[in-house]
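The values are calculated or read from the model by the stated rules, or taken from the named source; none is laboratory data. Because the structure is predicted, anything quoted here is derived from the model rather than measured. Every residue, glycine among them, receives a Cβ derived from its backbone with ideal geometry; neighbour counts consider all protein chains shown. Just the protein is used for accessible areas: all its heavy atoms, side chains included, with ligands, DNA and RNA removed. Shrake-Rupley method; radii C 1.70, N 1.55, O 1.52, S 1.80 Å.
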Amino acid sequence: MDQRTVLLSFNNLAYYRDKGTGLASASFVRNNITDSVRVVRVDQVNSYEWVDQNDTSYLERSADPNVVRHPFMTVQTAEDSFLLLEGAAYFHHLKSLGLEHVPVQICSEDTVELSSGRLVLFGFSLPDLTRLSLVHPDQVIIDENNHPSPPSFVSGKMEFPDRDPITIHFRHSSMSGCPTAMDFLFRTILSKGRYQKGQKSGTRPDTPFRVDEPSAWLTLPAFTLVDMISAASSDRYFPPSVLNLRTPFRIFNIDFPLSVLESDLPREEKEAFLRDLILFREQARRTTYFEGPVYILNR
């Protein structure tokens, strides 16, 4: 039996792996965790979101710039094609560094749930919405009487303080990808202020922190995974971080060294390195599994 020994180095920790005996882990094999994490070519990954060039928060969240902290969440859409579900800005940053490969977590299409959640807006007012409708009257229709969507339109709702909800109709004649009208809206929002995911809630006078007061709340039309796939293939991209995705599980903290990804090693060897790293941590009891929702309070 071939008893080759391979040296791996990570965070000044070196260990030897006996290729004859392996580092098999019952829990990881049983849950197929290692089957879900792979290293793929960058050109195989397609994003459905456009990138906000002013958003560099992904760099601020990185505890160590020399590693890829989490695998990119993807769904496999073809044998050699993957749809990027999150982290588009960081992905494009790594791509700009010349990386040929990235670590990904792969989900199947039938396990991904999608919803258009509620967004909290800051700095965007009703007059801004009115001006947008006047500039693009054939694309954005403000409907204070909340009628159903006209043909070739999809509808969302916007709420402003001390006003009844307003329906917004977005022209969507292609019925695939992101409506051009919605792209106009979000670029206007970002030119005025910002948005984030959240729910409308009451004020907290007892909070010790200063919290910005939302200027509006936006509920988007319903979209599907087909819309996301179409957006990636047609360049009708969605604004970043506006859709809510749910997958069966999420893998964090692989801390894959950039030096390995930047090397000229074949993709298969980089993937083998990743699998060995995961299994070593499991044997060293450095992995944790949580059942149910997990809240990360400081990313």
Problem - Sparsely packed chymotrypsin sites (Phe, Trp or Tyr not before Pro) within the range 223-299, loop by DSSP, other Cβ within 10 Å at most 14 - result: 249, 252, 289, 290, 295
Handout entry: Reach of residue 192 by Cα under 15 Å, taken over aspartates and glutamates that are not fewer than 8 positions away in the same chain
Key = 52, 55, 128, 183, 212, 213
Exercise for the section: Please give the per residue accessible area of the range 71-151, computed with a probe of 1.4 Å over protein heavy atoms only, in Å². Expected result: 46 Å²
Problem - Student exercise, the range 99-206 dipole from Lys, Arg, Asp, Glu Cβ charges, in Debye to nearest 20 - result: 380 debye
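For residue 224 and residue 164, FRET efficiency with R0 = 30 Å and r from the beta-carbon atoms, rounded to 0.05?
Efficiency computed from Cβ-Cβ geometry: 0.55.
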Exercise for the section: Please list 140-153, 160-173 highest first by mean number of surrounding beta-carbon atoms within 10 Å per residue. Expected result: 160-173, 140-153
Handout entry: Within straight-line cross-link reach of residue 270, aspartates and glutamates at Cα separation under 12 Å, skipping those fewer than 8 residues along the same chain
Key = 100, 262
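Give the calculated FRET efficiency between residue 173 and residue 294 to the nearest 0.05, with a Förster radius of 51 Å applied to their Cβ-Cβ distance.
FRET efficiency, residue 173 to residue 294: 0.80.
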Handout entry: Label-point separation in nm, residue 115 to residue 96, each point 7 Å along Cα→Cβ
Key = 3.4 nm
